[in-house]
Amino acid sequence: MSVDGSLLRAVGVLALSLQIGWVPAVQADDLLGVARRAQAHDATYLAARRTLEAATERPIQARGGMLPAAHLTASASRQSGQASFADADPVDRKVRNRGWSVQVTQPLWRPANLAGWRHAEAQLEQAREQFRQAEQDLLLRVAQAYLDVLVAQEGRRAAKSYRAAVEHQLALATRNFDVGTGAITDVHEAQARRDAARAQGVAAHNEVELRTAELERLLGASPGTLHLLNPSAELPPPPAGELQRWLDSAREDHPAVRIQRTALEVARAEVERQRAGHSPTLDLTASYGPTRASGSMSSPADIASHVRSAQVGVNFTMPLYAGGAVQSRVREALAMSEKAEEELEAAKRLASTQARQAHAGVLNGLAQVDALASAVQSSEAALASNRVGYRIGTRINTDVLNAEQQLHAAQRDWHKARVDTLMNGLRLKAAIGELSELDLASINALLMPPLP
């Protein structure tokens, strides 16, 4: 529900004007601009991106175990010594050898390598899902931090406005007491409220600093002056469809569920990889290389040799026994697979709960915004009546101060309820894995730039 009327328009204008001087003078940022800056500077998001880049190399490495491997070896040696032939006196002998060879091996049957490649592919898919979650998590964190700053600013504005109202009421009470038409208790009550308002103002200012620091942490720099939530902007409509549809979607498409589903695939691939430790291997090998020798230490004559050889064959290996290690690793992998299944079910339940909470938060938030909008208008009317009553003597100073406090609290709560409703809408989209920049753009449309 949009709130018309002079009060809420005045609230928006005051909120805008109070932004001037909040942070160093830089260009104002809207929500999308802040989100894109965060994508370039947030350490958590960038770390997730690097993790994905690293994971893309694993299938390449695993696939290498199924492709041909070639090795070049070369050697050169010189041998010297003494040798005796037919009981003759020893003679000095010197022999030189050199040669090189190329060997190529093509795996023909290596189940462990094939299982390792499938395991690496599953790990890559898991990394993709983890990065997808990091993207959505960044959007949520940016939106929360951005809107938290706006809520804190509204709290500071309300605290300043309330303090100004109390100062005005204190001046009235003091003047009435001085002319003999008021009681000293009215002055003391107004002074107490003013001191409390000062403390609230300090707390509100500190809250702005804390929330701004959190946003700065995401950006790696000062966020500058932010665009503000338009007081007269309509909030998005309630989520379409039955609750159960949202719950079912969350159980299937929540980022955490998708990650756990890929984790289960990784665990199953690991079982297959460990079981392959029992399997035989068969490799095709081929080699070629020349060797040269100037003679032989065991021959009385120096007869040089030059040999070129080529060889083709197959190597067959059958594992027989490894001390029980292979069976133990298989049992470990099976246990981890069962663990992944339980974690997947836990993720589905948590996703369903989060979707239910966010769905209820949107619906209840819209109703609360509507109620608080009426409360703001009623509080404005009540304050005006109490002020008139105070002037004509039918209301006391405390009544006016209470009405002032009620009005500013209602304004602050109304603003926070709107922000909470928007955030619950984003959480609901995140619960079904569909949160994107388009959702931030819909909130961005509700913002307006600060006064120049």
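Within the set of pairs 6 or more residues apart or between chains, which connect a residue that is among the charged types (D, E, K, R) inside segment 159-182 to a residue that is open to solvent by less than 40 Å² (accessible area, probe 1.4 Å) and in a helix (DSSP H, G or I) with Cβ atoms less than 7 Å apart?
Pairs that qualify, where the first residue is among the charged types (D, E, K, R) and the partner is open to solvent by less than 40 Å² (accessible area, probe 1.4 Å) and in a helix (DSSP H, G or I), are Lys160/Gly201; Arg163/Ala197; Arg163/Gly201.
Given (1) closer than 30 Å to Gly33 by Cβ; (2) touching a helix residue (DSSP H, G or I) at 6+ places or on another chain (Cβ under 6 Å); (3) surrounded by 14 or more Cβ atoms within 10 Å (Cβ to Cβ), where does Val166 come up short, assuming only one miss?
It fails just one condition, (1).
Any chance segment 421-432 includes a residue that's under 21 Å from Arg36 (Cβ atoms), without any contact (Cβ under 8 Å) to a residue 40 or more places away in the chain and surrounded by fewer than 18 Cβ atoms within 10 Å (Cβ to Cβ)?
No: zero hits.
If I go through segment 355-405 residue by residue, how many of them are outside any helix (DSSP H, G or I) and aliphatic (A, V, I, L, M)?
The number of residues fulfilling the criteria is 1.
Identify, by number, the condition in (1) modelled with pLDDT of 90 or more; (2) under 30 Å from Gly220 (Cβ atoms); (3) open to solvent by less than 70 Å² (accessible area, probe 1.4 Å); (4) out of contact with any His (no Cβ under 9 Å at 6 or more places or on another chain) that Ser17 doesn't meet.
Only one criterion in (1) modelled with pLDDT of 90 or more; (2) under 30 Å from Gly220 (Cβ atoms); (3) open to solvent by less than 70 Å² (accessible area, probe 1.4 Å); (4) out of contact with any His (no Cβ under 9 Å at 6 or more places or on another chain) is unmet by Ser17, namely (1).
When you scan segment 144-154, do you find a residue that is among the β-branched types (Val, Ile, Thr), open to solvent by 20 Å² or more (accessible area, probe 1.4 Å) and under 18 Å from Leu228 (Cα atoms), even just one?
yes
Yes/no matrix, rows are residues, columns are (1) at pLDDT below 90; (2) in contact with a strand residue (DSSP E or B) (Cβ under 9 Å, 6 or more places away or on another chain); (3) closer than 17 Å to Gln377 by Cβ; (4) not hydrophobic (A, V, I, L, M, F, W, C):
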| site | (1), (2), (3), (4) |
| --- | --- |
| Thr398 | yes, no, no, yes |
| Glu404 | yes, no, yes, yes |
| Ala410 | no, no, yes, no |
| Asp420 | no, no, no, yes |
| Met423 | no, no, no, no |
| Ile432 | no, no, no, no |
| Leu440 | no, no, no, no |
| Pro452 | yes, no, no, yes |
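For segment 243-298, name all the residues that are touching a Phe, Trp or Tyr at 6+ places or on another chain (Cβ under 7 Å) and in a loop (DSSP other than H, G, I, E, B).
Scanning segment 243-298 gives a single hit, Pro280.
In segment 377-420, which residues are touching a residue at least 40 places away in the same chain (Cβ under 8 Å), more than 30 Å from Gln357 (Cα to Cα) and among the β-branched types (Val, Ile, Thr)?
Passing the criteria: Ile396, Thr398, Val400.
Can you name every residue in segment 329-342 that is touching a residue at least 24 places away in the same chain (Cβ under 8 Å) and open to solvent by 30 Å² or more (accessible area, probe 1.4 Å)?
Once the filter is applied, which keeps residues that are touching a residue at least 24 places away in the same chain (Cβ under 8 Å) and open to solvent by 30 Å² or more (accessible area, probe 1.4 Å), segment 329-342 yields Arg329, Glu332, Leu334, Met336, Lys339, Glu341.
Scan segment 389-408 for residues that are open to solvent by less than 70 Å² (accessible area, probe 1.4 Å) and out of contact with any helix residue (DSSP H, G or I) (no Cβ under 6 Å at 6 or more places or on another chain) and jot them down.
Matches in segment 389-408: Gly389, Gly393, Asn402.
With the requirement that a residue be aromatic (Phe, Trp, Tyr) and closer than 14 Å to Gly155 by Cα, what does segment 172-213 give you?
Listed by number, the list is empty, since nothing qualifies.
Can you name the condition, by its number, that Lys94 falls short on among (1) open to solvent by 10 Å² or more (accessible area, probe 1.4 Å); (2) out of contact with any strand residue (DSSP E or B) (no Cβ under 9 Å at 6 or more places or on another chain)?
Every condition holds for Lys94 apart from (2).
Would you mind stating whether Gln411 is open to solvent by less than 20 Å² (accessible area, probe 1.4 Å) and either over 16 Å from Pro239 (Cβ atoms) or not small (Gly, Ala, Ser) (or both)?
yes
Tell me which residues, restricted to segment 225-238, are surrounded by 15 or more Cβ atoms within 10 Å (Cβ to Cβ) and within 27 Å of the chain's Cα centre (by Cα).
Hits for segment 225-238 are Thr225, Leu226, His227, Leu228, Leu229, Leu235, Pro236.
So if I check each of Glu345, Glu272, which one is open to solvent by 50 Å² or more (accessible area, probe 1.4 Å), modelled with pLDDT of 90 or more and touching a helix residue (DSSP H, G or I) at 6+ places or on another chain (Cβ under 7 Å)?
Criteria check complete, one pass: Glu272.
Restricting to segment 171-224, give me the number of residues that are aliphatic (A, V, I, L, M) and over 34 Å from the mean Cα position of the chain (by Cα).
Qualifying residue count for the region: 12.
Being among the hydrophobic types (A, V, I, L, M, F, W, C) and crowded, with 19+ Cβ neighbours inside 10 Å is the filter; apply it to segment 173-202 and report the residue that is nearest to Arg387 (Cα to Cα).
Checked segment 173-202; the qualifying residue nearest to Arg387 (Cα to Cα) is Ala173.
So that you can scan it fast, the table gives a plain yes or no per residue for (1) touching a Cys at 6+ places or on another chain (Cβ under 9 Å); (2) touching a residue at least 24 places away in the same chain (Cβ under 8 Å); (3) not aromatic (Phe, Trp, Tyr):
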residue: Tyr288; (1), (2), (3): no, yes, no
residue: Ala293; (1), (2), (3): no, yes, yes
residue: Gln354; (1), (2), (3): no, yes, yes
residue: Asn364; (1), (2), (3): no, no, yes
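Okay, residues lined up against (1) farther than 30 Å from Leu226 by Cβ; (2) out of contact with any Asp or Glu (no Cβ under 6 Å at 6 or more places or on another chain); (3) at pLDDT below 90; (4) among the β-branched types (Val, Ile, Thr):
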site	(1), (2), (3), (4)
Trp109	yes, yes, no, no
Gln126	yes, yes, no, no
Ala165	no, no, yes, no
Asn176	yes, yes, yes, no
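The values are calculated or read from the model by the stated rules, or taken from the named source; none is laboratory data. Not measured: the values here are computed from a predicted model. Heads up, the Cβs are rebuilt from the backbone with ideal geometry, glycines too, and the neighbour counts pull from every protein chain shown. Side chains included, ligands, DNA and RNA excluded: accessible areas come from the protein's heavy atoms. Shrake-Rupley method; radii C 1.70, N 1.55, O 1.52, S 1.80 Å.
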